[in-house]
Amino acid sequence: MIGLLSTTFGVAVVSALMPLISVELFVIGLVLKSPDLPWWALALVIATGQIIGKMLYFYAARGVIRLPAFLRRRTERKSKGRWAAWIERFRATCRKRPLWTGGVLLVSATASLPPFAAIVFVAGWAKVPLSTFLVTGFIGRFLRFGLLAIAPGALVAWI
């Protein structure tokens, strides 16, 4: 069981960094192959791995992590136009409405609508508090993967 959970953690981190890898398909296959694994343990391990992986994007959007040269802007703009003003208004809105911000993060982490990878980047860029990101992201990911781990067994029992 420890080996499966360790592998699941690794897949969760990698899938958080590389969206082409589907941790959802991995979970469904794992639950069908090993139905004795507790759903809550799977959800806990996956949520932890996903949040650890997504923190890289969160910190990169904040500017804490320096991106490789091919991902950075080639020239810096000297003038601050409408875009910079819009960014500041958006950040101010996130600070003024922490429940709204947390709600969007929670819904995105749970349903992936809007895509959680994009919302993580926007949250870092908008300077959402790390605690808000961690708590709402973890709860949402736990719910998502907990339901996904329960689904095959519930479907079999229902049929």
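The values are calculated or read from the model by the stated rules, or taken from the named source; none is laboratory data. Quantities reported herein were computed from a predicted structural model and do not represent experimental measurements. Glycine also receives a Cβ, built like all others from the backbone with ideal geometry; neighbour counts cover every protein chain displayed.
Restricting the range 1-22 to residues that are out of contact with any Gly (no Cβ under 8 Å at 6 or more places or on another chain), among the aliphatic types (A, V, I, L, M) and in a helix (DSSP H, G or I), the residue that is nearest to Phe133 (Cα to Cα) is Leu5.
Condition check ((1) over 13 Å from the mean Cα position of the chain (by Cα); (2) surrounded by 20 or more Cβ atoms within 10 Å (Cβ to Cβ)) across all residues:
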| position | (1), (2) |
| --- | --- |
| Thr101 | yes, yes |
| Val104 | no, no |
| Ala117 | no, no |
| Val128 | yes, yes |
| Gly137 | no, yes |
| Leu143 | no, no |
| Gly153 | yes, no |
| Ile159 | yes, no |
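Among the residues in the range 27-47, are any assigned to a helix (DSSP H, G or I) and under 13 Å from the mean Cα position of the chain (by Cα)? There is at least one residue in the range 27-47 that is assigned to a helix (DSSP H, G or I) and under 13 Å from the mean Cα position of the chain (by Cα). Residue count for the range 41-82 under the criterion of being modelled with pLDDT of 70 or more and surrounded by fewer than 13 Cβ atoms within 10 Å (Cβ to Cβ): the result is 7.
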